[in-house]
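Only one structure is covered here, and it is reproduced in the block below.
The values are calculated or read from the model by the stated rules, or taken from the named source; none is laboratory data. Nothing here was measured: the structure is a model prediction, and the numbers come from that model. Every residue, glycine as well, gets a Cβ built from its backbone with ideal geometry; the counts of neighbours run over all protein chains shown.
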Amino acid sequence: MGLDAGGNQREGGVRPRGVPQAPHESQRTMTPTADTPSRDPHSRPRLALVTGASSGIGRAFALRLGANGFDLIVVGRRGERLEQLVGELPNVTVRPVVADLGGDAGVQAVADLCGREPLTLLVNNAGVAHYMPFVDLPADKASELLHVKVVAPTMLARAAAGGMVARGDGAIINVAGMLAFSGPAPLERLPLRRAVYTAALAHIVALSQALHEELKAQGVRVQALCPGVVATEFHERQGLDLSAVPRMSADDVVTASLRGLALGEVVCAPGVEDAGLLDAVSQADLAAFSGQAVGLATRYR
Ligand SMILES: NC(=O)c1ccc[n+]([C@@H]2O[C@H](COP(=O)([O-])OP(=O)(O)OC[C@H]3O[C@@H](n4cnc5c(N)ncnc54)[C@H](OP(=O)(O)O)[C@@H]3O)[C@@H](O)[C@H]2O)c1
């Protein structure tokens, strides 16, 4: 436990269990947009929790939200990276929480935090891909991937949503990726061994769409954020060199997400010019869903 730049207590390099409740946060009334106004000195501060804030897109979210006046809880395994954010955002309270979302204990600890804290915004961003042939994917890596990209976003959203509904305000951004839509792509066209990662992203998209429908009337917005290839440490940490590939900046991804939230987009695809393509995917899903009947389809008889 230490003091941050604002003189408030914060966690540094400790696990989130036992984290004391923020002393003065109970009501959030403003919503995040790309051009969020600076904090009204008479209003209570807005609070965002960002997972995977130690690098890439999560770090870009933390810096943008902090610059826009959000107090932050930043989650990741590399505590020293999270600590840097405290110094980089001296005008807001930043609480680093070191947690491993690759297993049940870490997910539970951060979910507890999401349930305790009056979050205005939850950004489920942490991720790993473990691209490799399905039969070679070690069970522990498959389990880690599923915890970070499926169990964690689901359980954190579940823990945070109740409070948001009670306050009638809040937003949940779930970082998926365009690979969510790549399931049917032939391997010759997309020679990336990606089955579990792609399935995890598809889970995030479906979860976000269904949750949006469930929570929209209660003032809670949900977004599935689907970037393409982004210039972060993501591929490099898996031994892939994509430095020669044109990549979007993490900052642009954040701009699209916050703007998309303001536009009411449920699936936000920063690199897709024609938003109608995403609507068409949803319409095709619904057409197939509605096209079923009780009787056995003719081709199976
Ligand atoms: N880069 C791309 O091309 C791309 C494209 C589409 C979608 N995405 C998605 O974007 C999200 C952010 O990735 P990025 O591109 O910004 O990559 P990145 O720079 O590698 O960041 C990944 C973040 O996730 C955290 N993380 C990974 N495993 C974790 C674990 N077990 N427990 C807690 N935190 C964990 C990392 O923190 P620690 O290592 O400190 O724990 C790091 O902060 C991911 O969910 C990814 O699926 C990325």
I'd like the residue in region 114-149 that is of a type in the set (A, V, I, L, M, F, W, C), within 13 Å of the ligand (Cβ to nearest atom) and within 21 Å of residue 221 (Cβ to Cβ) and, out of all such residues, is surrounded by the fewest Cβ atoms within 10 Å (Cβ to Cβ).
126
Take region 94-122 and flag every residue that is within 15 Å of residue 174 (Cα to Cα) and in contact (Cβ under 8 Å) with a residue 60 or more places away in the chain.
114, 119, 120, 121, 122
Any residue at all in region 243-256 that's within 15 Å of the ligand (Cβ to nearest atom), within 15 Å of residue 174 (Cβ to Cβ) and either basic (Lys, Arg) or out of contact with any helix residue (DSSP H, G or I) (no Cβ under 6 Å at 6 or more places or on another chain) (or both)?
yes
Would region 86-101 turn up any residue that is charged (D, E, K, R), surrounded by fewer than 23 Cβ atoms within 10 Å (Cβ to Cβ), farther than 15 Å from residue 66 by Cβ and at pLDDT 95 or above?
yes
Report whether or not residue 64 is surrounded by fewer than 22 Cβ atoms within 10 Å (Cβ to Cβ), charged (D, E, K, R), within 15 Å of the ligand (Cβ to nearest atom) and at pLDDT 95 or above.
yes
Search region 225-258 for residues being part of a loop (DSSP other than H, G, I, E, B) and β-branched (Val, Ile, Thr), and hand back the single one that is nearest to residue 177 (Cα to Cα).
229
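Regarding residue 205, is this residue within 23 Å of residue 256 (Cα to Cα), touching a Pro at 6+ places or on another chain (Cβ under 9 Å) and modelled with pLDDT of 95 or more?
So residue 205 does not fit the description; no.
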Which residue pairs have Cβ atoms closer than 6 Å, lie 6 or more positions apart in sequence or on different chains, and pair a first residue in region 125-141 that is over 18 Å from residue 190 (Cα atoms) and in a loop (DSSP other than H, G, I, E, B) with a second residue that is hydroxyl-bearing (Ser, Thr, Tyr) and within 15 Å of the ligand (Cβ to nearest atom)?
125/51; 126/51
Scan region 176-197 and give yes if some residue there is under 16 Å from residue 107 (Cα atoms) and surrounded by 20 or more Cβ atoms within 10 Å (Cβ to Cβ), otherwise no.
no
